[in-house]
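The values are calculated or read from the model by the stated rules, or taken from the named source; none is laboratory data. Not measured: the values here are computed from a predicted model. For neighbour counting, all protein chains shown are included, and Cβ atoms are generated from backbone atoms with ideal geometry for every residue, glycine included. Keep in mind that these areas ignore ligands, DNA and RNA; they rest on the heavy atoms of the full protein, side chains included. Shrake-Rupley method; radii C 1.70, N 1.55, O 1.52, S 1.80 Å.
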Amino acid sequence: MKKILFRKLLRDYMRFFFVALFCTAIVIWVFQAVNYLDIIIEDGRDYVVYISYSLLNFPKIISKIFPFVLFFSLFYITTKYELNNELMIFWNHGVHKIEIINLVFKVSLLLMLLQMLLTCFVVPSSQDLARSFLRTSEVNFFDNFVKPQKFNDNIKGITIYTDKKDKNGNLKNLYLKKEIDNNQFQITYAKRGEFKEISNTPLLVLYDGATITLKDNKLTNISFSKSDFSLSNVETNTTTYKKTQEISSLRLVTCINNFYKFDQKIFQSASSYIENCNIQNINNIFKEFYKRAIIPFYIPALSLLPFLLILISKESSSYQKLRLITFLVGLFIIILSETTIRFISNISIQNIILIISPVILFLSVYLFFKFKFTFKSKSI
């Protein structure tokens, strides 16, 4: 009978948790996907790039909301069981409260490993893959990102300004500045312009204007009735380099190991093949490792915390106060787990304290329940 009760309890917990997790993640993803429309509107990227980039950010959303949704799910289902007198069935069939604590503790360790799998492997890989779409994709919709009466510098090395833009995409009174090299540039004025594609080559066709070029300290001025401004092989100003959060966990560990293993000069040369692994960025490397590998250790404590609600009966006058305190403590731990990242640095003692804190926390919570329920059962 105990196995049936435990199976039902666990099924209710996990079903609510995973449904809430994915529903919440989808809502957040939809809002983020709207913001990512800038990839098309501002940068002129293809629709395939936009869809791929948006979808690959879904694992990151899952990992971010995982702790809160888990705590809320356990809190909600435990409260529901208590208010519906369903927990009485457990006690009447000889189930000890410590047995439920042990079950949830074991499951929380599995969920902690699942979160670590997400943060250490799935999320960095998906973020790197998402960024690779921006690195390798081309600008396809040039007329999308040119806004009238605004200096548009989405294309690297090129600034475009236009007074007006009609519904057909024709640009009026254009100004273009192209950076050629250091202290060398080309400025083009035109009364009218339009984007065209000739032989698969994107062009900005200009009419009635002039081009001023400064090169080798020489200034030239050429007037034209029609001129083709090539937009092939251009790059956008969108950040395409690999960020620290996109580096694989193995390389993060290697970078940290090199930092403690070598002196500063040897560390720089030994870690040159690892992106962003340098003295200037070492604190961010430590913080990223902490976020991926250590913060998930708060999950067992968050999983056990809602079971403070079974300490007293719902008939007690202190029950509502206990519910509020339990929920607020859970929120505090979630906020604490995120804010401790800023205290991570290359100072070993400080890092060790922050690393062992979640372990001490969840062991303290578990031992509290162990002592409370074991002592109570023995006294009875």
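State the number of residues belonging to the stretch 202-233 that are closer than 18 Å to Val146 by Cβ and part of a strand (DSSP E or B).
Residues flagged as closer than 18 Å to Val146 by Cβ and part of a strand (DSSP E or B) within the stretch 202-233 amount to 11.
Conditions (1) modelled with pLDDT of 85 or more; (2) open to solvent by less than 80 Å² (accessible area, probe 1.4 Å); (3) of a type in the set (Asp, Glu), marked per residue:
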{"residue": "Val122", "(1), (2), (3)": "yes, yes, no"}
{"residue": "Asn140", "(1), (2), (3)": "no, yes, no"}
{"residue": "Asn152", "(1), (2), (3)": "no, yes, no"}
{"residue": "Gly157", "(1), (2), (3)": "no, yes, no"}
{"residue": "Tyr161", "(1), (2), (3)": "yes, yes, no"}
{"residue": "Asn168", "(1), (2), (3)": "no, no, no"}
{"residue": "Leu171", "(1), (2), (3)": "yes, yes, no"}
{"residue": "Tyr175", "(1), (2), (3)": "yes, yes, no"}
{"residue": "Asn182", "(1), (2), (3)": "no, no, no"}
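Failed condition for Ser225, given (1) open to solvent by 50 Å² or more (accessible area, probe 1.4 Å); (2) modelled with pLDDT of 85 or more; (3) under 29 Å from the mean Cα position of the chain (by Cα), with all others met?
(3)
Taking only the stretch 63-78 into account, find how many residues are β-branched (Val, Ile, Thr) and crowded, with 20+ Cβ neighbours inside 10 Å.
The qualifying residues number 2.
Against the conditions (1) hydroxyl-bearing (Ser, Thr, Tyr); (2) out of contact with any Gly (no Cβ under 6 Å at 6 or more places or on another chain); (3) outside any helix (DSSP H, G or I), where does Tyr189 fall short? Just the number, please.
Condition not satisfied by Tyr189: (2).
Whether any residue in the stretch 356-375 is assigned to a loop (DSSP other than H, G, I, E, B), at pLDDT below 95 and either over 23 Å from the mean Cα position of the chain (by Cα) or farther than 22 Å from Phe121 by Cα (or both) is what I want to check. Show your work before the answer.
Step one: filter the stretch 356-375 for residues assigned to a loop (DSSP other than H, G, I, E, B), giving none.
Looking for residues that are assigned to a loop (DSSP other than H, G, I, E, B), at pLDDT below 95 and either over 23 Å from the mean Cα position of the chain (by Cα) or farther than 22 Å from Phe121 by Cα (or both), one finds none in the stretch 356-375, hence no.
Testing Ile299 on (1) touching a residue at least 40 places away in the same chain (Cβ under 8 Å); (2) open to solvent by 50 Å² or more (accessible area, probe 1.4 Å); (3) outside any loop (DSSP other than H, G, I, E, B), one condition comes back false. Which one is that?
(2)
Would you tally the residues in the stretch 265-290 being assigned to a helix (DSSP H, G or I), open to solvent by 60 Å² or more (accessible area, probe 1.4 Å) and farther than 16 Å from Ser348 by Cβ?
6
Which condition does Phe259 not pass, out of (1) more than 30 Å from Asn346 (Cβ to Cβ); (2) open to solvent by less than 70 Å² (accessible area, probe 1.4 Å); (3) of a type in the set (Phe, Trp, Tyr), if it passes all the others?
Of everything listed in (1) more than 30 Å from Asn346 (Cβ to Cβ); (2) open to solvent by less than 70 Å² (accessible area, probe 1.4 Å); (3) of a type in the set (Phe, Trp, Tyr), Phe259 misses just condition (1).
I need the full set of residues from the stretch 232-278 which are closer than 30 Å to Leu37 by Cα, at pLDDT 90 or above and of a type in the set (A, V, I, L, M), in order please.
If the condition is that a residue be closer than 30 Å to Leu37 by Cα, at pLDDT 90 or above and of a type in the set (A, V, I, L, M), then Ile247 is the only one that fits.
Condition check ((1) closer than 24 Å to Ser63 by Cα; (2) buried (at least 20 other Cβ atoms within 10 Å of the Cβ); (3) out of contact with any Ser or Thr (no Cβ under 7 Å at 6 or more places or on another chain)) across all residues:
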position	(1), (2), (3)
Ser303	yes, yes, no
Leu322	no, no, yes
Val329	yes, no, yes
Leu336	yes, no, yes
Asn346	no, no, yes
Leu367	no, no, yes
